[in-house]
Structures are given as structure tokens and as C-alpha cells.
Amino acid sequence: MSGILYLVATPIGNLEDMTFRALRVLKEVDIVVYEERKEGARLLKHFGIEKPVESLNEHNEAAASQVILDLLKEGKSVAVISDAGTPVFSDPGRLLVQKAVKSGVRIVPIPGASSLLPALIVSGFSIDEFVFYGFLSPKRNRRIAELQELKKERRTVVLMDAPYRLVQLIRDIAGVFGTNRKLCVAFDLTLPTEQIFHGTPQKLYEEFLKEERKGEFVVVLGGTGV
């Protein structure tokens, strides 16, 4: 009989956001699969969990997914965690889930922290409908073209990017949208350094240009009706 594949959400910064259920599952499974060794080991050590581990990331996803699937078929229970937040969501793991579905392996999602909903609810924008676009292209010309397409979007749009690209991203949003749309930037969510910024793209670009910030962030762009 196949083991169970658990997709376990972990904190996005504040370790107090770890759920009781997530801790129980991590303690009970046979193997924990993390994205990067440093972050995975830090989390497990903090909660006093010692388990055999495997890694699954963008560099080894195909091979690692097959190894993990074989372990599941042997009856091992496996918990997948990402560096932060909900695994598979804007993180590696979809290939493993697809293989598990195809093989009839039971998959159990363990909900928990995510940066998406906190950023949306703090934006003040309409969220009856929204578009999660995720990461724009790291290449500026392509990124601007993507933003030009999003300019037509009536719904609230959620964007993410690497911590070191905040200024560049807001610069390009300002270049495309100017002062015609509202923007919310949720910076370092759940951490003591958490800050929520509201304003036009141009205003926030000028603010971030004056004081450089490095950290995790989510950008919420108001729709045309905001």
C-alpha cells in the first residue's frame, strides 16, 4: 500500500505561525522533503524535529520527484515543505503532485501560512475577483510588455518578485501605470520589520528609491475600478 504525500505549509517569516497540525505531521512522517537545505534544516531544528530528508528544488525536480514517488510506493509517508509558505504554490513540487495523482497516491494538503491572502486583505482593493500573476519576467523589456498587457486588466492583480528586485519592479510599474492606478506593497509580512505601503506606483517608486529595502514582498495592483 502506498504511503501518504503531505503538502505542508510552513511560516513565511514568523515561526509562531506554524500550525499544530503541521508540527504533528512533520513529527510523524517517515521523510521530510525540503527545497533548500539551509532553510529546511533551520525549520526542523527550531522545532526539534529529526527526520531523514530529501531535497526537491528547481534544479533536481524531475529526478527527485521520481525518487520520492518510489519511496511513497514503498509505503513511506512523505511531507513536502518549501522554504516558506505553501509548497507547490510558486515553488517546485507540481511534477511530484502530478506523478502522485497518476499513481493513485493519497495527497493531503496541510494549510497554513501564505503571503497571498494577507497581502490581498490589507490592500483595501476589491478582492471579489483577482488575478494571481506571480513573477514577471526578470528581463526588463519582457517585463514591461507583460505590464502593458496587465494595464488592460480590470481585476486586482497580485505580483511577486525576488527580494532584490523591489525598486526595479516598482520603477517599471510606475513607468507603465504612472499615477493612474493604486498600489499596495506588503513588505516582510509577519516579521517585526513588516510594513504595508499604499499609494500610486509613481509615489511608491520615489519612496523606495530614497530608502532601499531588501526583503520578501508582495505587490497588489488595484484594478481599473479601484
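The values are calculated or read from the model by the stated rules, or taken from the named source; none is laboratory data. Remember, it's a predicted structure, so these values are computed and weren't measured experimentally. Positions of Cβ are generated from backbone atoms using ideal geometry, with glycine treated the same way; all protein chains shown enter the neighbour counts.
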Of the conditions (1) surrounded by 13 or more Cβ atoms within 10 Å (Cβ to Cβ); (2) in a loop (DSSP other than H, G, I, E, B), Glu50 satisfies every one except a single condition; which number is it? (1)
Please go through the range 122-136 and pick out each residue that is modelled with pLDDT under 95 and of a type in the set (S, T, N, Q). Ser126
In the range 91-116, what count of residues is obtained for those that are on the phi > 0 side of the Ramachandran plot and buried (at least 22 other Cβ atoms within 10 Å of the Cβ)? 1
Answer yes or no: is there a residue in the range 80-90 that is farther than 23 Å from Gly215 by Cα and buried (at least 17 other Cβ atoms within 10 Å of the Cβ). yes
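Is it true that Ala119 is at pLDDT 95 or above, surrounded by 14 or more Cβ atoms within 10 Å (Cβ to Cβ) and assigned to a helix (DSSP H, G or I)?
yes
On the basis of being among the aliphatic types (A, V, I, L, M), modelled with pLDDT of 95 or more and under 24 Å from Ala84 (Cβ atoms), does Leu221 make the cut?
Taking the combined requirement at face value, the residue satisfies it.
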Of everything in the range 122-149, what is among the aliphatic types (A, V, I, L, M) and outside any loop (DSSP other than H, G, I, E, B)? Give them in sequence order. Val122, Val131, Ile144, Ala145, Leu147
